[in-house]
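The values are calculated or read from the model by the stated rules, or taken from the named source; none is laboratory data. Since this is a predicted model, take the numbers as computed values, not measurements. Positions of Cβ are backbone-derived with ideal geometry, glycine not excepted, and every protein chain shown enters the neighbour counts. With ligands, DNA and RNA removed, areas are computed over all heavy atoms of the protein, side chains included. Shrake-Rupley method; radii C 1.70, N 1.55, O 1.52, S 1.80 Å.
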Amino acid sequence: MRPKYYITTPIYYVNAQPHIGTAYTTIAADVMARYKRLCGYETFYLTGTDEHGQKILRAANAEGMNPKEYADRIVSQYYKTWADLNIKYDYFIRTTDPKHQKAVQTLFSKIANNGDIYKGKYSGWYCTPCERYVSVKESSPEGLRGGCPVCQRPTEFLEEENYFFRLSKYRDKMLDYLKKNGDFVEPVSRYNEVFSKIEMGLDDISISRASFDWGIPLPSDQKQIIWVWFDALTNYLSGVGYPEDEGIFKKFWPADVHLIAKDILWFHAVIWPCMLFSAGLEPPLKIFAHGWWTMNADKISKSKGNVIYPADVIDRFGVDSIRYFLLREIPFGQDGDFSLPALLRRHNNELANELGNLIMRCLTMIEKYNGSKVPKSEGIDSSKELWNELFTSLEQKFSAYMECLQFSLALEKVWEAIKMANKYIDDTKPWVLAKEKTGRLSDVLYNLAEIIRLVSVYLMPFMPNTAEIIRQQLGIDDEMISIPSGLSFGQIRPGTKVNKGSALFPKVE
Ligand code: MSP
């Protein structure tokens with residue numbers, strides 16, 4: 001049986017169209033899912049949209065629209081943007097899907113039957129933009145005049161008869177779980193943050209709303225709707241068939257990783273596992289919280305008015321350049337400023353000069369010196385062994401970095417090989433070897449063809465279009481594309497006919 005891999009993104013609120021921040025998580029999950037597929041895993045990649053709650057209701061009202069119609073309009077922009085970014089998800093979940101709604105009610109009933117839900121009165125602050133209750137503990141000494149402690153936007157005072165979840169009951173279990181699973185939350189700084197916050201105590205939380213009806217009704221009280229975060233988190237179960245499609249659910253749950261940004265860590269690393277504990281379900285295996293893309297140190301978000309839309313940059317640089325830049329520029333887990341000059345630099349230097357030129361030089365020389373056919377290696381030159389060693393070590397390092405989602409380091413390693421290959425051409429001077437006619441030229445050209453084949457496999461998760469074009473240029477469409485078997489050196493068949501084609505990354509001024 002093939003091993004499974006289940007990866008998710010947050011489901012995005014439909015009050016805004018996708019921007020570079022939401023694209024970031026979605027691309028990262030796509031890269032990971034593509035990588036795992038190449039490694040032979042039966043992979044499930046889930047993304048989608050979060051469509052209920054007061055925030056969405058207000059956004060729809062402001063446009064004079066019914067919330068479902070409003071959601072439909074924004075969702076079509078998500079479909080389009082993810083297609084433009086070449087995102088290959090297995091399922092796109094919407095919280096307005098009837099199947100999802102049923103799953104939320106089932107989970108709610110399970111938790112209620114376990115005695116973990118009770119009725120009470122919520123009297124306190126609520127941040128509608130974050131859709132979160134703000135506890136007294138979190139407020140500053142002067143109260144909540146500074147707004148929500150997470151997003152700084154104004155909070156509202158709520159007084160509602162609500163249903164509460166006994167989160168406090170799970171404090172010790174959660175701490176114990178964290179102690180036994182030191183990699184449950186990553187990076188480690190986020191693990192420590194969560195651990196120390198839980199140690200300070202967990203309060204029960206309200207999990208219903210009573211003052212509007214845009215949401216999923218409680219199974220036991222039709223006058224209340226389920227709190228939007230309880231609703232949204234359940235997507236990770238309903239997206240793989242919970243509760244009805246037991247076959248798929250059993251195959252994929254628990255999720256291998258929930259990718260999120262740091263602002264929604266508490267919901268995922270604490271509330272969500274405790275809900276699952278209560279329902280008798282396993283928690284996900286890992287929560288990875290990456291950092292924020294910022295603009296002059298401010299988080300990129302619709303509310304700050306500093307949004308960059310993927311379409312704006314795709315038109316100018318091409319989709320693979322954006323995918324590459326986002327994962328190469330900042331270490332996964334840290335914040336980083338989005339800057340067009342940095343994107344331009346990486347596009348022109350690393351993609352056009354280093355990668356694009358390498359491919360063009362190799363193909364041009366195979367065309368010119370060997371009639372467009374990959375030559376047979378003559379074994380005169382010892383560099384084949386050296387390349388073999390280099391790629392064996394690259395494979396180990398690349399896999400290790402990918403397994404811990406260190407995309408920038410994995411790419412850096414691939415680029416070391418690309419730079420060495422360019423240097424290899426400069427050092428061996430095939431144009432001189434062509435005149436010497438010693439047979440060394442065949443060795444060098446063979447090695448170069450194999451180097452670019454391997455580069456195409458490594459790049460496949462990150463830049464699927466580019467990898468595909470390289471393979472077509474090399475004349476090897478569907479062969480040898482798996483990890484690790486496609487990664488050993490020396491597999492390309494002599495006699496393979498290459499088609500030079502055009503330059504991969506035209507420079508951008
Ligand atoms: N609907 C909730 C999530 C529910 S998941 C059960 C939500 N939605 S959101 O639309 O606000 O999206 C938040 C997510 O978008 C972040 O966790 C992150 O994945 C991504 N990002 C949004 N802005 C971002 C940046 N500026 N930088 C990096 N990621 C960003 O919260």
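Structure data summary
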{"read-out": "Filter result for VAL134 (among the β-branched types (Val, Ile, Thr) and at pLDDT 95 or above)", "value": "no"}
{"read-out": "Contacts under 8 angstrom Cβ, first residue in region 90-107 being modelled with pLDDT of 95 or more, partner open to solvent by less than 70 Å² (accessible area, probe 1.4 Å) and of a type in the set (Asp, Glu), 6 or more apart", "value": "ARG94/GLU51; THR95/ASP50; THR95/GLU51; THR95/ASP231; THR96/GLU51; VAL104/ASP231"}
{"read-out": "Residue that is within 12 Å of the ligand (Cβ to nearest atom), in a loop (DSSP other than H, G, I, E, B), open to solvent by less than 10 Å² (accessible area, probe 1.4 Å) and at negative phi, where the choices are ALA232, ALA255", "value": "ALA255"}
{"read-out": "Top-ranked residue in region 170-229 [being more than 16 Å from the ligand (Cβ to nearest atom), in contact with an Asp or Glu (Cβ under 9 Å, 6 or more places away or on another chain) and in a helix (DSSP H, G or I); ranked as farthest from SER109 (Cα to Cα)]", "value": "TYR191"}
{"read-out": "Those residues of region 381-395 which are open to solvent by 60 Å² or more (accessible area, probe 1.4 Å), part of a loop (DSSP other than H, G, I, E, B) and under 22 Å from VAL498 (Cβ atoms), in sequence order", "value": "none"}
{"read-out": "Flag for GLU131 being within 16 Å of the ligand (Cβ to nearest atom), of a type in the set (D, E, K, R) and touching a helix residue (DSSP H, G or I) at 6+ places or on another chain (Cβ under 6 Å)", "value": "yes"}
{"read-out": "Identity of the residue in region 277-310, under 23 Å from PRO341 (Cβ atoms) and assigned to a helix (DSSP H, G or I), that ends up modelled with the lowest pLDDT", "value": "LYS304"}
{"read-out": "Checklist (1) within 19 Å of LYS368 (Cα to Cα); (2) crowded, with 19+ Cβ neighbours inside 10 Å applied to ASN422, failing item", "value": "(2)"}
{"read-out": "Residues that are near the ligand (Cβ under 9 Å from one of its atoms) and open to solvent by 10 Å² or more (accessible area, probe 1.4 Å), drawn from region 1-41", "value": "PRO10, ILE11, TYR12, TYR13, ASN15, ALA16, HIS19, GLY21, THR22"}
{"read-out": "Identity of the residue in region 279-304, open to solvent by 40 Å² or more (accessible area, probe 1.4 Å) and within 11 Å of the ligand (Cβ to nearest atom), that ends up nearest to LYS179 (Cα to Cα)", "value": "TRP292"}
{"read-out": "LYS80 farther than 22 Å from ALA23 by Cβ and open to solvent by 60 Å² or more (accessible area, probe 1.4 Å)", "value": "no"}
{"read-out": "Answer residue from region 305-328, given it is within 11 Å of the ligand (Cβ to nearest atom) and among the β-branched types (Val, Ile, Thr) and is surrounded by the fewest Cβ atoms within 10 Å (Cβ to Cβ) among those", "value": "ILE308"}
{"read-out": "Residues located in region 491-501, provided they are touching a Lys or Arg at 6+ places or on another chain (Cβ under 7 Å) and on the phi > 0 side of the Ramachandran plot", "value": "GLY495"}
{"read-out": "In region 258-278, the residues that are away from the ligand (no atom under 11 Å from the Cβ) and within 14 Å of VAL150 (Cβ to Cβ)", "value": "TRP266"}
{"read-out": "Residue in region 344-367 that is in a helix (DSSP H, G or I), over 17 Å from LEU411 (Cα atoms), basic (Lys, Arg) and open to solvent by 60 Å² or more (accessible area, probe 1.4 Å) present", "value": "yes"}
